[in-house]
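Here the structure comes first, spelled out in structure tokens, and everything after it is commentary.
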Amino acid sequence: MSVSIEHYLILSAILFVVGAYGVIARKNLIIVLMSLELMLNSANLAFVAFSKALGDMTGHVFMIMSITVAAAEVAVGLALLVSVYSHRETLDIDVLKILKG
Amino acid sequence: METVVFYVFAALALAGALLVISFKNPVSSALSLVLTLFSTAVLFVLLLAHFIAVIQILVYAGAIMVLFLFTVMFLNLKPEALKFESKHLHFKVSALLAVLFLVGYFASLGFKKGLLLSNIGASNMDGFGTVEGVGTTLFTDYLLPFELTSILILVAIIGVVVIAKKRAN
């Protein structure tokens, strides 16, 4: 029995859940950013799995776009993190709520 | 053979993901994330996406993880700066349940689509996922999005420099 697309989709959904849980439940800003990377990575897995199932390479192109967005997001996010840490001396997202309405 | 490789690396990816969200130390989390990204790269090879697998290792496990580790070490976090995790178990459980229900709903939608797709035999698989195949698709059908990506990178570079530079006052 070979591995079908559903296996990849289920794995992708599980990885997405784990990443989303990390974004919601963790308080450390660095780990929240890493969990975001996990979610993006699971979406990439779904893209490539659908690409194989359809025999169409559009999914690969979107995966490259998604990696680019992830790289830009990490660069900006980490720059903000360094800036915030030098001002506030903390990475606790419960303390950093100056924008809360 | 393919099934064994899939299950081994799916388990490794899942273990890495669980370790990312459970470690207190960001350096340990970052190294667990590398495990997940490498295992996903192996799964990409199983899906005949060889070029994507190489890109995954070079960009994700190489560039992005180095950026993470560099930042963590640059900040030089004291141990007491990491001791602020929420102790509320009920909050964690409710967060997990909310995420599970939401994603389970969307996953079931995708699962129906996937069941339909698994019956379609792929038409022509020669050149699928190679540098040549991906490059041809990227530079013919998706040339404009590819060029716009460079603008995104440029904006990110300028933004990072502006954010990270020292203020005058």
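The values are calculated or read from the model by the stated rules, or taken from the named source; none is laboratory data. Remember, it's a predicted structure, so these values are computed and weren't measured experimentally. Ideal geometry is used to build each Cβ from the backbone, glycine not excepted, and the neighbour counts take in all protein chains shown.
Could you say whether any residue in region A:4-12 is within 30 Å of B:Val72 (Cα to Cα) and facing another protein chain (nearest Cβ under 7 Å)? The answer is yes; a qualifying residue exists. Only residues that are under 19 Å from A:Leu33 (Cα atoms) and not aliphatic (A, V, I, L, M) were counted across region A:43-86, and they come to 8.
Condition check ((1) of a type in the set (A, V, I, L, M, F, W, C); (2) free of Cβ contacts under 8 Å to residues at least 12 places away in the same chain; (3) under 19 Å from A:Leu40 (Cβ atoms)) across all residues:
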| residue | (1), (2), (3) |
| --- | --- |
| B:Phe6 | yes, no, no |
| B:Ala11 | yes, yes, no |
| B:Ser39 | no, no, yes |
| B:Leu47 | yes, no, yes |
| B:Thr71 | no, yes, yes |
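Can you pull out every residue in region A:57-101 that is surrounded by 15 or more Cβ atoms within 10 Å (Cβ to Cβ), acidic (Asp, Glu) and more than 17 Å from B:Ile55 (Cβ to Cβ)? Residue satisfying the conditions is A:Asp92 alone.
Within region B:1-18, being surrounded by 17 or more Cβ atoms within 10 Å (Cβ to Cβ) and more than 10 Å from chain A (Cβ to nearest Cβ) holds for one residue alone: B:Leu12. All of B:Leu77, B:Leu117 fail the test of being modelled with pLDDT under 90, within 7 Å of another protein chain (Cβ to nearest Cβ) and surrounded by 15 or more Cβ atoms within 10 Å (Cβ to Cβ), apart from B:Leu117. Pairs are defined by a Cβ separation below 7 Å, a sequence spacing of at least 6 or placement on different chains, a first member in region A:1-26 that is within 24 Å of B:Ser22 (Cα to Cα), and a second member that is basic (Lys, Arg) and part of a helix (DSSP H, G or I); the pairs so defined are A:Ala25/B:Lys92. When you check A:Val3 against the structure, is it of a type in the set (A, V, I, L, M) and part of a loop (DSSP other than H, G, I, E, B), yes or no? In short, yes.
For A:Leu54, the requirement of being surrounded by fewer than 23 Cβ atoms within 10 Å (Cβ to Cβ) and either touching a strand residue (DSSP E or B) at 6+ places or on another chain (Cβ under 6 Å) or closer than 18 Å to B:Leu35 by Cβ (or both) is not met. Scanning region A:73-94 finds one or more residues that are closer than 24 Å to B:Ala15 by Cα and facing chain B (nearest Cβ under 7 Å). One residue is enough: does region B:10-17 have a residue meeting the conditions modelled with pLDDT of 90 or more and not small (Gly, Ala, Ser)? Checked region B:10-17: at least one residue is modelled with pLDDT of 90 or more and not small (Gly, Ala, Ser).
Here's the yes/no breakdown for (1) crowded, with 19+ Cβ neighbours inside 10 Å; (2) modelled with pLDDT under 90; (3) under 13 Å from the mean Cα position of the chain (by Cα):
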| site | (1), (2), (3) |
| --- | --- |
| B:Val20 | yes, no, yes |
| B:Asn25 | no, yes, no |
| B:Ser28 | no, no, no |
| B:Leu35 | no, no, yes |
| B:Thr40 | yes, no, yes |
| B:Phe51 | yes, no, no |
| B:Leu58 | no, no, yes |
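At pLDDT 90 or above and within 25 Å of B:Lys24 (Cβ to Cβ): does that describe A:Ser66? No: the conditions fail for A:Ser66.
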